[in-house]
Structure formats: structure tokens, C-alpha cells
1. Could you please state how large a percent of the accessible area of the range 70-140 is carbon and sulfur, counting protein chains only and using a 1.4 Å probe?
2. Excluding V90 itself, what net charge comes from residues whose Cβ is under 12 Å from its Cβ, given Lys and Arg +1 and Asp and Glu -1?
3. Starting from the Cα of I188, step 7 Å along the direction of its Cβ; do the same at Q147; then give the gap between the two resulting points in nm.
4. Could you work out the Kirkwood radius for the range 20-163, taking every pair of different alpha carbons, averaging 1/r and inverting it, reported in Å?
5. Show me, for the range 77-91, the HN-Hα J-couplings you get by feeding each phi into the Karplus relation (A = 6.51, B = -1.76, C = 1.60, θ = phi - 60°), rounded to Hz, glycine and proline as x.
6. Which sequence of F122, F165, F156 reflects their accessible areas, 1.4 Å probe, from the largest down?
7. So if R0 is 25 Å, what FRET efficiency would H140 and V161 give, r being the distance between their Cβ atoms, rounded to the nearest 0.05?
Amino acid sequence: MSFLNTSSPKSDSNVSSLQPTNPESAQVQPRRSLAELYLSLVSYGFLVIIILFGNGLVVSAYIRNKWLRKAVTHTFIIGLAAADFFVGLVSLPIWIFISLCNYRGHQINNSAYQFYITADIFIGSASIFQLTGISIERSHAILRPFQHRQLPRKTFYIAVVTAWFFSAVLASLQPLQYGTDWKTAYTILTASVCFFIPVVVIITAYCSILVAAKSKETLKGNQAHKATLEREVRFVPSIM
């Protein structure tokens, strides 16, 4: 599948068309300088290397170390590492190619571009859902440690699979809504499910952890103060 639309004439060198459009409807935008292009491509290249190397280490460590595999709480961690690995393997390299084609004034094939957008939504959503799952799991472990330890292993597996499943469902709607009347509704749905709701859930989860940690510190401080008072009370009769 080629990303270049060879069937249509090339757009003008000053036309920036990351999303496939008709030559007549393309808007003229100022072209980036060559230095800016190279700087962005080099930055993206370093980012790809860092993402692949870092998340590759996490995945390989999980595969090679049986003790990491036994800890069921690492399920979301490996799910997040896998999603981020695909960001560096698929999303960013294709975006680099699209940016280069855009600079040269080449139109992107519509089907290929839709494939990129769909894959990017799928991978990005999976990463965000894994982050949300980690925050929920950590808050549950802190607030209800006994119930957390009683959770069966399959509960974590189902949660991870559910995150990937909903990511696939959300991404599969992208080609269906393109060019239809419910494009705005899909944009609102994607922004809500992949950003606003996860942000609220993550902030709430970690704020609850912070409040619980402070409450435990206060409780320990009160217990220590109470023990000190009891020792002083016992000490007073002994010196009288």
C-alpha cells in the first residue's frame, strides 16, 4: 500500500496537505524551512530510538524474568510498554514519512492516510487506557489493600484485554465516520474517551492515594504522640 497518490497531479510546492484533499480545495500555507524540517525529523528520529529502546527493555525484561511475570500487578505495566513500543514502531515513523512528503508537496494516498490515522488512534488509545488502568489499580491497592490482594489473576488479564478491545472499537469507527455528518460527534467522542475522562480518572485516583498517604502519616503521628504521653504518665508516679 503506497502512501503517495500517484493517480492525481502533484500539488504546488507551497501547499501543505497532511490530510488527503482535492487539489482544488487545498489551502496554501507557508512552507517550512529546510533547517526546520531537518530539526523536526532528527528530533522525531531520536524520540523513536528512545521509545523503542526503553519500552523494548521493559518488554524483554518481562519476558525473560519469571518473577516479573508472576507479579500480576505488572500486567498493566507490560501493556503500557507494548502500546508505547508500537507508537515508536508504527505511529512516529509513518508521521515522519508524511511530514517529508508534505514538505516535498506530494499528496498522501487517502486509504493509506486513513490506515495511519486508524492505527494511531488504536495505539494511542490503548496507551492512555493502560495508564488509566494503572492509576485505578494503584489507588485500589492503597485504599483497599486486603481486597486488592484477593483479586484473581484473570481480573487483571480481563482489564488489559478490555482496554485493547475498546481501543480497537474506537479506532474502527474512524474510517466509517470520515466524510459523514457525524464527524464532529466522533471527534467529541474521541476527545472525551481518550483525554478528558482519563484525565479526570487519573487525577482522582492519584489524589485519593495522596489523601490516604497523608491520613496514614497523621495516624502514625497521633499514635506516636499517644505513646509518648503514656510513657510520660507512667514516668510521673515513679519520680514522686
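The values are calculated or read from the model by the stated rules, or taken from the named source; none is laboratory data. Please read these numbers as outputs of a predicted model, since none were measured by experiment. Cβ: placed from backbone, ideal geometry, glycine included. Neighbour counts: every protein chain shown. Areas reflect the complete protein model, heavy atoms only, side chains present, ligands, DNA and RNA absent. Shrake-Rupley method; radii C 1.70, N 1.55, O 1.52, S 1.80 Å.
1. 73
2. On the way: positive: none; negative: D84, D120.
With Lys, Arg at +1 and Asp, Glu at -1, the neighbours total -2.
3. That separation, rounded to one decimal, is 3.4 nm.
4. For the range 20-163, the Kirkwood estimate is 17.9 Å.
5. Coupling constants for the range 77-91: 5, 5, x, 5, 4, 5, 5, 5, 4, 5, 4, x, 8, 10, 5 Hz.
6. The most accessible residue leads, giving F165, F122, F156.
7. 0.85
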